[in-house]
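Below is one structure; the comments refer to it alone.
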Amino acid sequence: MTETVAILDGVVKRYEAVTALDRASLVVRKGEAVALLGPNGAGKSTSVGGLLGLLRPDGGRVEGLGGPPGEAVSAGRVGAMLQQGALLDGLTVRELVGFVGGLYPNPLPVGEALERAGIGGLAGRRVERLSGGQAQRVRFAMAIAGNPELLFLDEPTVGLDVEGRRAFWAGVGELAAGGTTVLFATHYLEEADVNADRIVVLMGGRVVADGSPTQIKARVGNC
């Protein structure tokens, strides 16, 4: 049986009067690329935050790599690219990614992380001189710098042009082919279709569908 690496089990998360997750359940198995698909406000970012140990659920169970999510993160086994997060001005891209990698026990070589993110040519550029799309790819390099077993990507291609998206997903594909488990949040069905083994659809904080891209497209087409 394939090892389970991330679990949401009947998770509830409320923000005052808003219920962001409403008994949401999800299982991610080792080696999968899983897309969380849904519109803004569906609960995608809250799910990612819970699985990273950044949010305490109001109900249900959350597990990552066999234990509390925070333990796996602290052990350097998890990488994440979130929607928010400023880069440190005054550093070059190589210095920044190298610094982040140095925080992990088994990091990727800096050059490899940059090449997988498609920014090898930007190694010597200072962070404050990057375009929005370039900065987004630096965030991806930072997320993979620690050579994670489990990688979370929250709306990762926002701000990228078509070429940038293509290069980004090529890098993700290389990681997945090497055995990294990937869970990414997106509101683009086409993105989920091409890059995920499974698609989990969230609406109003609930999981309303879970299946292969072919199964999910068939359901959408019949709606």
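Taking the chain as a Gaussian network of alpha-carbon nodes connected by springs under 10 Å, the highest mean-square fluctuation of the residues Ser25, Ser131, Ser212 belongs to Ser131. Over the range 46-169, what portion of Cα pair distances is larger than 19 Å, expressed as a whole percent? Within the range 46-169, distances greater than 19 Å cover 48 percent of Cα pairs. In a solvent-free Debye calculation with one equal scatterer on each Cα, what is log10 I(q)/I(0) for the chain at q = 0.11, 0.14, 0.16 Å⁻¹, listed in the order of the q values? Those come out to -0.52, -0.85, -1.09, one per q.
Structure remark: mean-square fluctuation, Gaussian network model of the chain, C-alpha springs under 10 Å; the largest value among Leu87, Leu65, Leu21 belongs to Leu87.
Rounded to the nearest 20, the Cβ-based charge dipole of the chain about its Cα centre (Lys and Arg +1, Asp and Glu -1) stands at 160 debye. What the pair-distance distribution of the range 1-102 shows, using all Cα-Cα distances binned every 5 Å from zero, is 2, 11, 20, 20, 18, 13, 9, 5, 2, 0 percent.
Modelled spin-label separation between Leu189 and Glu128, with each label point placed 7 Å from Cα along the Cα-to-Cβ direction: 4.5 nm. A cut-off of 5 Å between modelled amide H atoms, ignoring neighbours fewer than 5 places along the same chain, links Ala209 with Val201.
Cβ-to-Cβ counts within 10 Å put Lys30, Lys13 in ascending order as Lys30, Lys13, the fewest first. Among rounded, prolate and oblate, which fits the range 1-41 when a ≥ b ≥ c are the square roots of the eigenvalues of its C-alpha gyration tensor, a/c under 1.5 means rounded, and a/b larger than b/c means prolate? Judged from the Cα gyration tensor, the range 1-41 comes out oblate (a/c at least 1.5, b/c at or above a/b). Close amide H partners of Arg14, meaning residues 5 or more places away or on another chain with modelled amide H under 5 Å apart, are Ala20, Asp58. The 3J(HN,Hα) values that the Karplus relation (6.51, -1.76, 1.60; θ = phi - 60°) gives for the range 30-36 are, in residue order, 4, x, 7, 10, 10, 9, 8 Hz. Gly and Pro appear as x.
Taken as entire DSSP H runs, the helices of the chain never both span 24 Å or more between Cα atoms along their own long axis and average -1.0 or more on the Kyte-Doolittle scale.
For Tyr104, no residue has an amide H sitting under 5 Å from its own, ignoring neighbours fewer than 5 places away on the same chain, with H placed 1.01 Å from N.
Note the full-extension length gain between Val162 and Ser212 as 0.36 nm times their separation in residues minus their Cα-Cα distance, in nm to one decimal.
15.6 nm
Multiplying the residue separation of Ala75 and Leu54 by 0.36 nm and removing their Cα-Cα distance gives an extension gain of 6.1 nm.
Taking each DSSP H run with n ≥ 4 as -39500 (n - 2.57) and averaging over every residue of the chain yields -10000 deg cm²/dmol at 222 nm. Only aspartates and glutamates eight or more places from Lys13 in sequence, or on another chain, were considered; those with a Cα closer than 17 Å are Asp22, Asp58, Glu63.
Computed from the coordinates by the stated procedures, all read-outs in this text should not be read as laboratory data. Predicted model, so just to flag it, every value in this text is computed and none were measured. Every residue, glycine among them, receives a Cβ derived from its backbone with ideal geometry; neighbour counts consider all protein chains shown.
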